[in-house]
Amino acid sequence: MYEKEYNNMFKFSLHQEDVLLCEKVFDADQFNPFTRYSIDIREILPRAITKLQKTLSKKSYDTQVDADFDLYQYHQKMINSYPLDYRGAMRYNPQQVVQQIDDKVIRGVENKIGFYINDKPIVERKFYVDGFNPVARWSFDIVDAVSDISDAIYRQIKKSDIKNMWDDYDLINVYGYSISQIREFVPSKREDLLRKIRGNGGNSSQVRILTQPSTGI
């Protein structure tokens, strides 16, 4: 059977201290190498953090798998099966911190989001949730929030990948480079060559394609 030579994975994770609250993974090899190693999702992060702060501080959550099984109630049942002296240390109840940075007072439970390729961090951010509700750990609400953010990151990368493919086409068409040569360019050389194309009036491939017959694809 055919096996992929590479197996690179993108991973978006939400942690609370050493607890992994939720994580979503998707294939990174579907994007070209230049895209994979030039990720910029900074504009997504503020909205992502706000969404997670709201999700992690809700008063109630959907934790029920079906009519007969509730994730949070099952967790409580497991803890209650231990002797009373052990239960307190077993309960998930992260503590709120209060700290002052310059003139701003920050309070809440510390959390961290991260986006990784394999186990290598691309970006990580800490944030604080005032009114953190521990039940969120067993909720479908947090799965939905993390999935929505991961999907937004995917769309951002896909948009960048399409642009990079058109840029590859221009480099091949204008300069005669092969795709393997283009893959070896350092980013500064790539940008310099593309800048010269655009500076010369460019005949960008994104414009040229509109004048060509439709392939029906």
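The values are calculated or read from the model by the stated rules, or taken from the named source; none is laboratory data. Just so we're clear, the structure is a prediction, and the values are computed from it rather than from any experiment. Here the Cβ positions follow ideal geometry from the backbone for every residue, glycine too, while neighbour counts run over all protein chains shown.
Observations on the structure shown:
- Scanning segment 133-176 for residues that are of a type in the set (S, T, N, Q) and in contact (Cβ under 8 Å) with a residue 40 or more places away in the chain, we see that the one that is farthest from Asp66 (Cα to Cα) is Asn164.
- Residue identified as surrounded by 13 or more Cβ atoms within 10 Å (Cβ to Cβ), modelled with pLDDT of 95 or more, farther than 14 Å from Ile49 by Cα and in contact with a strand residue (DSSP E or B) (Cβ under 6 Å, 6 or more places away or on another chain) among Tyr116, Tyr128: Tyr116
- The single condition among (1) under 26 Å from the mean Cα position of the chain (by Cα); (2) in a loop (DSSP other than H, G, I, E, B) that Tyr82 does not satisfy is (1).
- Among residues of segment 121-132 that are over 12 Å from Ser57 (Cβ atoms), those with a beta-carbon under 8 Å from a residue that is at pLDDT 95 or above and aromatic (Phe, Trp, Tyr) at least six positions away or on a different chain give the pairs Pro121/Phe115; Ile122/Phe115; Ile122/Tyr116; Val123/Phe115; Glu124/Phe115.
- Residue satisfying condition, being of a type in the set (Phe, Trp, Tyr), surrounded by 13 or more Cβ atoms within 10 Å (Cβ to Cβ) and within 15 Å of the chain's Cα centre (by Cα), within set Tyr177, Tyr154: Tyr154
- Taking each residue of segment 79-107 that is without any contact (Cβ under 8 Å) to a residue 12 or more places away in the chain and surrounded by 10 or more Cβ atoms within 10 Å (Cβ to Cβ) and looking for partners that are β-branched (Val, Ile, Thr) and not in a helix (DSSP H, G or I) with beta-carbon atoms closer than 6 Å, six or more apart or interchain, yields Gln99/Ile106.
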